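Novice: Pasting in a structure now, in structure tokens, and then I'll have a few things to ask.
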Amino acid sequence: MTKAAATDQAFLAPASHPYLEIRTTLSSGLPYADHFHSDFSVGLILDGTTLFHCSGQKYIARKGDIVLIESGVAHSCNPIEGGPRSYHMIYLEADWCLDLLGALTINRPSLSADCSGQVDCAPEKKYSGGQVLVNNGERVVRDPSLFETLKLMVETIRAAGSVPEVEARLTFSELLGRYCHLEAGAGTAGWLAEGARKMFDRDPEHPLKVEEAARRLGLRREYFTRAFRRSTGLSPGSYHHCSRIMAARRLLRRGVSIVEAALASGYADQSHFHRMFVKYVSATPRQYLLNRSHSGKK
């Protein structure tokens, strides 16, 4: 508990850049449970060393490294021998990344006077049905110049609330264009996991039991559970809780109360909601809500 108390954490979702959220964690020895994000995650290791597991692989990220994790990919990030580490995490909306990289890949983005200097600020084509993947599974990259550019952008947003939109888009275009690519289709989760995920996500307020999900797919629970874990890296139960906590985070970000967010995401028991939130966010709902109040979002 001493390390948890000493950890400095802050969450920021700037109204000026609605497609991103920034989490800053300083001097943390906290471990994380296996989880996923619906966003594309970009980590900047500011100090220390962290070990993370992703898609069955182990990665070591050190000070100055950039960490890239695709939307929907299960992972866990842990300190090495309890040593503290500090980092910024940038969460980018998956669809926003898809459109940005799609425009970059197909048309090459350019500055347009029609949208006040923004990069492809209103692309006509929407690249639905695909996903942004990291090149060759290289989820830890060392690019000192880009690292410093991203770090400065984050620090400016934290201090001033925003950076020029053209600057943000050019920076993320460089990151995605250099280290990621587009893949058509629904991804690699497979029809079973995809079907189950849609059922789980349909109505967070009335959680679907694993037995019922398996029955609807015409499978035995044991087979369904094994296949789901192979496809997603998480058990159906862990996936469902993580998905519900992400829904609660989105509600808290909009200014909904903790009690209302818990109920809307299917947690009638507030203590259960609190435990699950800490497990998957490594912060309490109140800590998250208080930091949200500095985002400018209502």
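Novice: With the requirement that a residue be in contact with a Gly (Cβ under 8 Å, 6 or more places away or on another chain), of a type in the set (Val, Ile, Thr) and surrounded by 20 or more Cβ atoms within 10 Å (Cβ to Cβ), what does region 14-61 give you?
Specialist: Listed by number, the list holds a single entry, 45.
Novice: Quick one: how many residues across region 64-88 are touching a Leu at 6+ places or on another chain (Cβ under 7 Å), of a type outside the set (A, V, I, L, M) and closer than 18 Å to residue 26 by Cβ?
Specialist: Residues in region 64-88 being touching a Leu at 6+ places or on another chain (Cβ under 7 Å), of a type outside the set (A, V, I, L, M) and closer than 18 Å to residue 26 by Cβ: 4 in total.
Novice: A follow-up question, please. Name the single residue that is surrounded by the fewest Cβ atoms within 10 Å (Cβ to Cβ) among those in region 215-236 being in contact (Cβ under 8 Å) with a residue 12 or more places away in the chain and over 25 Å from the mean Cα position of the chain (by Cα).
Specialist: Here the residue is 216.
Novice: Filter region 76-88 down to the residues that are buried (at least 19 other Cβ atoms within 10 Å of the Cβ) and either at pLDDT below 85 or under 22 Å from residue 234 (Cβ atoms) (or both) and list them by number.
Specialist: Listed by number, the list holds a single entry, 77.
Per-residue answers, yes or no, for (1) modelled with pLDDT of 80 or more; (2) within 23 Å of the chain's Cα centre (by Cα):
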residue: 90; (1), (2): yes, yes
residue: 103; (1), (2): yes, yes
residue: 114; (1), (2): no, no
residue: 117; (1), (2): no, no
residue: 120; (1), (2): no, no
residue: 128; (1), (2): no, yes
residue: 133; (1), (2): yes, yes
residue: 138; (1), (2): yes, yes
residue: 142; (1), (2): yes, yes
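Novice: Can I ask one more? I need a count of the residues in region 248-269 that are of a type outside the set (Phe, Trp, Tyr) and part of a loop (DSSP other than H, G, I, E, B).
Specialist: 8
Novice: Taking helices (runs of 4 or more DSSP H) that do not extend beyond region 156-247, which have at least 1 residues that are modelled with pLDDT under 90 and aromatic (Phe, Trp, Tyr)?
Specialist: It comes to 190-202, 221-232.
Novice: Counting only residues that are in contact (Cβ under 8 Å) with a residue 60 or more places away in the chain and closer than 21 Å to residue 76 by Cβ, how many does region 246-260 have?
Specialist: Counting residues in region 246-260 that are in contact (Cβ under 8 Å) with a residue 60 or more places away in the chain and closer than 21 Å to residue 76 by Cβ gives 1.
Novice: Still on this structure: May I ask you to list pairs of residues, at least six apart or on different chains, whose Cβ atoms are under 8 Å apart, with the first in region 70-99 being under 25 Å from residue 178 (Cβ atoms) and the second being of a type in the set (Lys, Arg) and assigned to a strand (DSSP E or B)?
Specialist: 88/23; 89/23; 91/23
The values are calculated or read from the model by the stated rules, or taken from the named source; none is laboratory data. Everything numeric in this text was worked out from a predicted model, so none of it was measured. All Cβ positions, glycine included, derive from the backbone under ideal geometry; neighbour counts span all protein chains shown.
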